[in-house]
Structure formats: C-alpha cells, structure tokens
Amino acid sequence: MVIYILGEITVHLFNTKFPGSVVGMLYLLGALHLKWVSVEQISHTASFLLSYMPMFFIPAGVSIMVSYKFMEGFYWQIIVIILLSTLLTMAVSGKLTEYFLKKKRS
C-alpha cells in the first residue's frame, strides 16, 4: 500500500498523465530488483489479488456497455484492435517468459 501511495504522490507532484498505480508498480519492480522488498513479503497479497482479478474487470466492462453509443460504426476496427493487441501481448509474454527461464537456468 505504501508503494501505491508513493506512486500516487509522484503522479500528483509531477502532474503526469500516468496512472499512479502504474508508477507504483514500477516502484515495486525497482524495490524487488534492488532487494528492498522480497517476494515472500508480497506473495500472500499478490496471490489474493490474482485470485480475484476477474472481478477487477467488471467496472471496465460496465463502462463499455454504458458507452456503446460512442463505438457505433467502429465495431470492426475495435475487434481488429482487440485481436491484434491480444496476440501481441501473448507473443511478448511468451518471449519474456522464455528469456527469463533461460536466464534462470544459466
């Protein structure tokens, strides 16, 4: 929670358009890399949040359903963007996983 708040404060102080939660995640990544925070310290909370992750998409889904009028006439473009971004995310995630597994073995 402290790292999240630091991210929000940073965004507020520098008046950026990045979400504070994203900045907080970058701080968390840095803290893990520098070994200021261990995986054991955050594993319980991370497991809890991951188990309820689908519930976090409900607000986004509801807002899409409410604003469907703005998407009229753009259905094919939206479908193509969703498919391409999904495939790109899967490819990058797979390559990164392979990279880190090879790095861990060596």
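The values are calculated or read from the model by the stated rules, or taken from the named source; none is laboratory data. Quick caveat, the model's predicted, so the values are computed rather than measured. Neighbour counts run over all protein chains shown; Cβ positions are idealised from the backbone, glycine included.
Tabulated data
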read-out	value
Members of the range 63-106 found to be in a helix (DSSP H, G or I) and of a type in the set (F, W, Y), listed by number	Y68, F70, Y75, W76, Y99, F100
Qualifying positions in the range 1-35 - surrounded by 12 or more Cβ atoms within 10 Å (Cβ to Cβ), aromatic (F, W, Y) and at pLDDT 95 or above	Y27
Qualifying residue in the range 49-61 (condition: among the hydroxyl-bearing types (S, T, Y) and surrounded by fewer than 10 Cβ atoms within 10 Å (Cβ to Cβ))	yes
Those helices (runs of 4 or more DSSP H) lying entirely in the range 6-62 with at least 3 residues closer than 25 Å to F100 by Cβ	20-33, 39-51
